1. Show the residue pairs that are 6+ apart or on different chains and have beta-carbon atoms under 6 Å apart, the first residue being within segment 51-79 and closer than 16 Å to Pro91 by Cβ and in a loop (DSSP other than H, G, I, E, B), the second being open to solvent by less than 80 Å² (accessible area, probe 1.4 Å) and modelled with pLDDT under 85.
2. Filter segment 54-72 down to the residues that are modelled with pLDDT under 70 and surrounded by 10 or more Cβ atoms within 10 Å (Cβ to Cβ), then identify the one that is farthest from Ala37 (Cα to Cα).
Amino acid sequence: MELELYERLIVATGRGRTRLSRDIFRSHHDPRRIFTAKQRREILARDGQCCAYCGRHVSGDEGDRGYIDHVIPWVLGGQTVNDNGLVSCGPCN
């Protein structure tokens, strides 16, 4: 199932080249894919303000705020819910 979704995101452009489908770029600006401030606080608290990838502490402040990533990416059908979010530091994001 996930492979089928992934394959639909890739578009052949000729000469053996590929590009991402325009649907990805449209969905990037969809407000439903953005975690709310409340969700961010809850996920940061749940994960102990540590990056899920490298373990680095993120303060939640603007300079070192960290990011909330979708475990199952939005473009592959992942929902913007707490159970599908995890903390990521700047370098890992």
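The values are calculated or read from the model by the stated rules, or taken from the named source; none is laboratory data. These figures come from a predicted structure and were not determined experimentally. Positions of Cβ are generated from backbone atoms using ideal geometry, with glycine treated the same way; all protein chains shown enter the neighbour counts. The area values use the complete protein model at the heavy-atom level, side chains included, leaving out ligands, DNA and RNA. Shrake-Rupley method; radii C 1.70, N 1.55, O 1.52, S 1.80 Å.
1. Val58/Asp64; Val58/Gly66
2. Going residue by residue through segment 54-72, those that are modelled with pLDDT under 70 are 60-64.
Those left that are additionally surrounded by 10 or more Cβ atoms within 10 Å (Cβ to Cβ): 60, 64.
Details: Gly60: 11, Asp64: 16 Å.
By that ranking, first place goes to Asp64.
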